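Asker: This is the structure I want to talk about, given as structure tokens.
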Amino acid sequence: MRRIKGLLIDLDGVLVKGKAMKPFPDAADFVALLRDEHIPFRIVTNNSTKTPEGIVRRLQENGIPILSQEIVSPLSICPQVLQERGVETLFVMGSDGLKEYLAANGFLVKTEATVDAVLVAQDRTLSFQETKIAITAIKSHGAALFAMNDNRVILDDDGMVFPGAGAICRMLIYAADYEGHYVHFGKMGERYNQTVFEEFHQDKATLAIISDDLYTDITGFQEEGLMGIFITSGKYGVDDISTGMKPDAIFDSLSEVAVFLINR
């Protein structure tokens, strides 16, 4: 078996659950174990509703002592890439917090279709009007398409799922006859992955990802050479493992993952 020298840990569905980011009962102990065993880790999240500082603050309030440098977030990557692409005006399908964050970083966030780009993020209040504006911006005004992440679905507090940014982008591409692929700032995005791997000084083969996301995280990072540890505490279960998916390990809780790591 491979020796694990570093961990990438998903946030939602692994350490915490729900909009309130309520920790799983064993989350704090798991993080403490990693520190005791000197196993380096990074929290890799696609969360687009909170800044890295906001996530750290909420985790600390909920009893999980995480440092800001231990989190990799799309929000820390997005502004620089948009600026490099010459984007000045945006139509944002996302939270008010995200819009305020982008405005604070120098972008003009508009509510009409005459923009340089459409940015798709988690949007729990997505409306018919927003969808019309986004499609019109792309189809009629040549707006570029960006996304905060490539998530298919997001698990809501009521146990139901709703479309993630990746699913919404695919709808916009089809509706607007958008040519080319959209750029996203989340996990498996070029800049995001570059940022993550620069944090570690080990070969990718010595790293593992712990996640509840079979598609973006487990399969995606396995293709990068990492070990994929699937945890069933989030939006997907064992029954969702489709043909061709082969997690290297499957557990129901972080406590089980802890035993696995100690015994390796």
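Asker: Could you tell me which numbered condition D150 fails, if it satisfies all but one of (1) buried (at least 21 other Cβ atoms within 10 Å of the Cβ); (2) free of Cβ contacts under 8 Å to residues at least 60 places away in the same chain?
Answerer: Looking at each condition in turn, D150 falls short on (2).
Asker: Hey, does region 235-246 have a residue that's at positive phi, at pLDDT below 90 and in the same structural domain as T136 (by TED's automatic domain parsing)?
Answerer: no
Asker: While we're on this one: State yes or no: is F30 of a type in the set (F, W, Y), in contact (Cβ under 8 Å) with a residue 60 or more places away in the chain and under 29 Å from Y101 (Cα atoms)? Lay out the reasoning, then the answer.
Answerer: Numbers: of a type in the set (F, W, Y): yes; in contact (Cβ under 8 Å) with a residue 60 or more places away in the chain: yes; under 29 Å from Y101 (Cα atoms): no.
Here the answer is no, as F30 does not meet what is asked.
Asker: Give me the pairs: first residue in region 204-222 and assigned to a helix (DSSP H, G or I), second residue of a type in the set (V, I, T), beta-carbon distance under 7 Å, and six or more apart or on different chains, which are they?
Answerer: These pairs meet every condition: T206/I4; L214/I241; D217/I209; I218/I209; F221/I209.
Asker: Being among the charged types (D, E, K, R), within 17 Å of the chain's Cα centre (by Cα) and surrounded by fewer than 19 Cβ atoms within 10 Å (Cβ to Cβ) is true for just one of E190, E179. Which residue is that?
Answerer: Values: E179 fails: within 17 Å of the chain's Cα centre (by Cα).
Matching residue, one of E190, E179: E190.
Asker: Moving on. From (1) of a type outside the set (S, T, N, Q); (2) crowded, with 22+ Cβ neighbours inside 10 Å; (3) at pLDDT below 95, pick out the condition that doesn't hold for I210.
Answerer: The single condition I210 does not satisfy is (3).
Asker: Next question, about the same structure. Out of all the residues in region 64-80, is one or more part of a helix (DSSP H, G or I), surrounded by 17 or more Cβ atoms within 10 Å (Cβ to Cβ), modelled with pLDDT of 95 or more and in contact with a Gly (Cβ under 8 Å, 6 or more places away or on another chain)?
Answerer: yes
Asker: Can you pull out every residue in region 102-140 that is assigned to a strand (DSSP E or B) and within 19 Å of Q80 (Cβ to Cβ)? Before you say what the answer is, go through the steps one by one.
Answerer: So in region 102-140, the residues assigned to a strand (DSSP E or B) come out as 108-110, 117-120.
Answer for region 102-140, where residues must be assigned to a strand (DSSP E or B) and within 19 Å of Q80 (Cβ to Cβ): L108, V109, A117, V118, L119, V120.
Asker: How about region 3-21: which of its residues are at pLDDT below 95 and either touching a strand residue (DSSP E or B) at 6+ places or on another chain (Cβ under 6 Å) or of a type in the set (A, V, I, L, M) (or both)? So that I can check it myself, show each step before the final result.
Answerer: First pass over region 3-21, keeping only residues at pLDDT below 95: 3-5, 12-13, 17-21.
I4, A20, M21, listed by residue number.
Asker: Then there is this: Quick check on this structure: which one of E130, E112, E88, E53 is under 16 Å from the mean Cα position of the chain (by Cα), surrounded by fewer than 21 Cβ atoms within 10 Å (Cβ to Cβ) and over 19 Å from G189 (Cβ atoms)? Let's see the steps before the verdict.
Answerer: On the way: E130 fails: under 16 Å from the mean Cα position of the chain (by Cα); E112 fails: under 16 Å from the mean Cα position of the chain (by Cα); E88 fails: under 16 Å from the mean Cα position of the chain (by Cα).
When all the criteria are applied, what remains is E53.
Asker: Further question: Among the residues of region 113-131, what is the count of those that are modelled with pLDDT of 95 or more and either of a type in the set (K, R) or within 15 Å of L145 (Cα to Cα) (or both)?
Answerer: The qualifying residues number 11.
Asker: Being assigned to a helix (DSSP H, G or I), surrounded by fewer than 17 Cβ atoms within 10 Å (Cβ to Cβ) and in the same structural domain as D10 (by TED's automatic domain parsing) narrows it down to one residue among R35, R58; which is it?
Answerer: Only one candidate qualifies: R35.
Asker: With the structure loaded, tell me whether I168 is assigned by TED's automatic domain parsing to the domain that holds F24, buried (at least 18 other Cβ atoms within 10 Å of the Cβ), among the β-branched types (V, I, T) and under 16 Å from the mean Cα position of the chain (by Cα) or whether it fails that test. Write out each step before concluding.
Answerer: On the way: assigned by TED's automatic domain parsing to the domain that holds F24: no; buried (at least 18 other Cβ atoms within 10 Å of the Cβ): yes; among the β-branched types (V, I, T): yes; under 16 Å from the mean Cα position of the chain (by Cα): yes.
Criteria not met by I168.
The values are calculated or read from the model by the stated rules, or taken from the named source; none is laboratory data. All of these numbers come straight from a predicted model, not from anything done at the bench. Cβ coordinates were reconstructed from backbone atoms using ideal geometry, including for glycine residues, and neighbour counts include every protein chain displayed.
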